[in-house]
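Notes for the one structure printed next.
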Amino acid sequence: MLKLLRELPPVHQIQEALLKEDRGRELPYNLLKQLIQEEVNNLREALIKETYTGKARDRHGFQAEIIASIKEKMASMKLNNLIPVINATGVVLHTNLGRARLSEAAIDHMTKVAKSYSTLEYNLSEGKRGSRHSIVEEAVCKATGAESAMIVNNNAAAVFLILSALAKEKEVVVSRGELVEIGGSFRVSSIMEESGARLKEVGTTNKTHAADYEQAVSDETAMFMKVHRSNFAIVGFTSEVEREQLASIAKKQQVIFYEDLGSGALYDFRKNGIGEEPTVQETLSAGADLVSFSGDKLLGGPQAGLIAGKKELVDRLKKHQLARVLRVDKFTLAALEATLWEQLYENETNIPTIRDITVKAEEIRQRANQFKVQLEKKCSHYKVEVEASFSQVGGGTMPAVELPTYVIAIRTDKYRVNELEEKLRLSEQPIIMRIKEDKLVIDLRTVTTVEEAVILSELANIHD
Ligand SMILES: *Cc1c(COP(=O)(O)O)cnc(C)c1O
């Protein structure tokens, strides 16, 4: 194979060949050169390591091989890697698909702020420097009843900041039933270790009592931390200490009571008979000194970590060096601000996450039936059924909740179900859906009417 090294064509020769065909002009000169160089380097390395599996044995063969591979790369280079997809899985907060979709108001506000200069750190009435912390603080306080609030990059960052700023080299008491790992990358015990705070575990996996917390307190204790279990539930013989009681022990012992709420709902989903998630407002009024939660879970906003609670504590967080490291950009603040005002004005159904979670099964059933009629009219090859099923909230939120829904189950004799799934997944506007047995399953809960039309026409195209 080493002998073949001599047959590798020089970069300029390949570039000239591509330029002659006009294909070479689709990319800027230097970018094309770089691509060719990488390709030649890869081939050289494969030859040296004797891992080359291609068929080329002379200069001409190598050149043809390199050009074919460059053309393939050029086709995919024009595409962005982050592209919109249609989520037909019915999982509302689909972590892999970007969690919450934003409301029109949030998108609009974000676009406006992106196009212009803004009051990001400018106080208009005084005509001088302002603070980005104050932009959504008022809205968060109004929505949660907190004295003070601040925003960081995500909830994991909020947890890290709170532990670093308020409990470094001190002990943080956590129930063993709450030492969770969320989404494979957020582990309470690890983040605690990174922050410099020391974990003091109390109780057992299923039961933790007030006395466990009381006995754990020493001169070293900075904080009681309560963590939302998020993506799992403990059932059977369980016992945990009520918030009010934990708050009163914390107060008596003069330690901070902080709760990591995870999803942190501002909207009370229990009103719709969904789940048992207490609102952020309730948690704070039950006596938590500080809470933190995500912006893109049940709030339905952008990725962010919201911190709310006692002014004295939030002030300490704002002054900490990490606050600068973990700060959010103007787009996040714009989207978050608009989302919070939608909640405050009780226009929650303008927020896609809240609308999709609370939509009635009957409404989905009617849409599914119409979809079936239209698909059968467009394309008689499909066997379509509407079936009762369940959707999930997702995002590690309300894991025990099953939202009743109706799904469209599709089959065809022309393709196997995984071929059909792949065709739709790789279509121009990718459609992500579930497979159940030999059927493709579409849950319209997370699909807009515009997207519904796209799915219909893609399905029809496949059979043409
Ligand atoms: C989701 C979650 C986090 C992480 O929040 P991000 O916003 O994804 O960083 C932390 N704690 C709990 C309890 C969670 O549910």
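Nothing in this text is a laboratory measurement; each read-out follows from the coordinates by a stated rule. Because the structure is predicted, anything quoted here is derived from the model rather than measured. All Cβ positions, glycine included, derive from the backbone under ideal geometry; neighbour counts span all protein chains shown.
Rounded, prolate or oblate: pick one for region 131-224, where a ≥ b ≥ c are the square roots of the eigenvalues of its C-alpha gyration tensor, a/c under 1.5 means rounded, and failing that, prolate if a/b is larger than b/c, else oblate.
Prolate shape, in that a/c is at least 1.5 and a/b is the bigger ratio.
For region 291-350 and region 48-87, what is the centre-to-centre distance using only Cα atoms, to the nearest Å?
Centre-to-centre distance over Cα atoms comes out at 44 Å.
Looking at region 186-252, which chymotrypsin sites (Phe, Trp or Tyr not before Pro) are DSSP coil and have at most 14 other C-beta atoms within 10 Å of their C-beta?
Answer in residue order: Phe232, Phe237.
Fewest first, what order do Val373, Val180 take by the number of other Cβ atoms within 10 Å? Walk me through the numbers before you get to the answer.
On the way: Val373 11, Val180 19.
The order, fewest Cβ neighbours first, is Val373, Val180.
Only bridges with both residues in region 104-348 count here: give the DSSP antiparallel percent, nearest 5.
On the way: 14 of 33 bridges.
Rounded to the nearest five, the antiparallel share is 40 percent.
Mind listing which GluC sites (Glu not before Pro) in region 420-463 are in a DSSP loop and have 13 or fewer other Cβ atoms within 10 Å?
Values: sites: Glu421, Glu422, Glu428, Glu437, Glu451, Glu452, Glu458; in loops: Glu428, Glu437.
Those satisfying the criteria are Glu428, Glu437.
Multiply the residue separation of Lys378 and Asn42 by 0.36 nm, subtract the distance between their alpha-carbon atoms, and state the gained length in nm to one decimal. Write down the numbers at each step before the final one.
Numbers: separation 336, 0.36 × 336 = 120.96 nm, distance 4.81 nm.
In short, 116.2 nm is gained.
Could you compute the net charge surrounding Tyr122? Neighbours are other residues with a C-beta less than 14 Å from the C-beta of Tyr122; K and R count +1, D and E count -1. Numbers along the way, then the final one.
Details: positive: Lys128, Arg129, Arg132, Lys330; negative: Glu121, Glu126.
Cβ neighbours under 14 Å give a net charge of +2.
Using DSSP to define loop residues, name the trypsin sites (Lys or Arg not before Pro) in region 27-88 whose beta-carbon has at most 10 other beta-carbon atoms within 10 Å.
On the way: sites: Lys33, Arg44, Lys49, Lys55, Arg57, Arg59, Lys71, Lys73, Lys78; in loops: Lys49, Lys55, Arg57, Lys78.
Sites meeting the loop and neighbour criteria: Lys49, Lys55, Lys78.
Report the calculated FRET efficiency for Ser239 and Ser218 (r = Cβ-Cβ distance, R0 = 30 Å), to the nearest 0.05. Write down the numbers at each step before the final one.
On the way: r = 24 Å, r/R0 = 0.79.
Rounded to the nearest 0.05, the efficiency is 0.80.
Classify region 104-348 as rounded, prolate or oblate, taking a ≥ b ≥ c as the square roots of the eigenvalues of its Cα gyration tensor: rounded when a/c is under 1.5, otherwise prolate if a/b is larger than b/c and oblate if not. Write out the running numbers ahead of the final one.
Details: a/c = 2.03, a/b = 1.53, b/c = 1.32.
Prolate shape, in that a/c is at least 1.5 and a/b is the bigger ratio.
Give me Asp356, Asp212, Asp315 ranked fewest to most by other Cβ atoms within 10 Å of their Cβ, as a rough exposure proxy. Don't skip to the end; give the middle numbers.
On the way: Asp356 26, Asp212 17, Asp315 14.
By the 10 Å Cβ count, ascending, the order reads Asp315, Asp212, Asp356.
Shape call for the chain from the C-alpha gyration tensor, a ≥ b ≥ c root eigenvalues: rounded (a/c under 1.5), prolate (a/b greater than b/c) or oblate? Display every interim value, and only then the final one.
Values: a/c = 1.95, a/b = 1.48, b/c = 1.32.
Prolate, since a/c reaches 1.5 and a/b exceeds b/c.
Please report Arg270, Arg445, Arg243 as a ranked list, fewest other C-beta atoms within 10 angstrom at the top and most at the bottom.
Numbers: Arg270 13, Arg445 26, Arg243 19.
Lowest count first: Arg270, Arg243, Arg445.
Placing unit charges on C-beta atoms (Lys and Arg positive, Asp and Glu negative, everything else neutral), compute the dipole magnitude of region 104-348 about its Cα centre in debye, rounded to 20. Walk me through the intermediate numbers first.
Details: 29 positive and 36 negative charges, 135 e Å.
With only Lys, Arg, Asp and Glu charged at Cβ, the dipole is about 640 debye.
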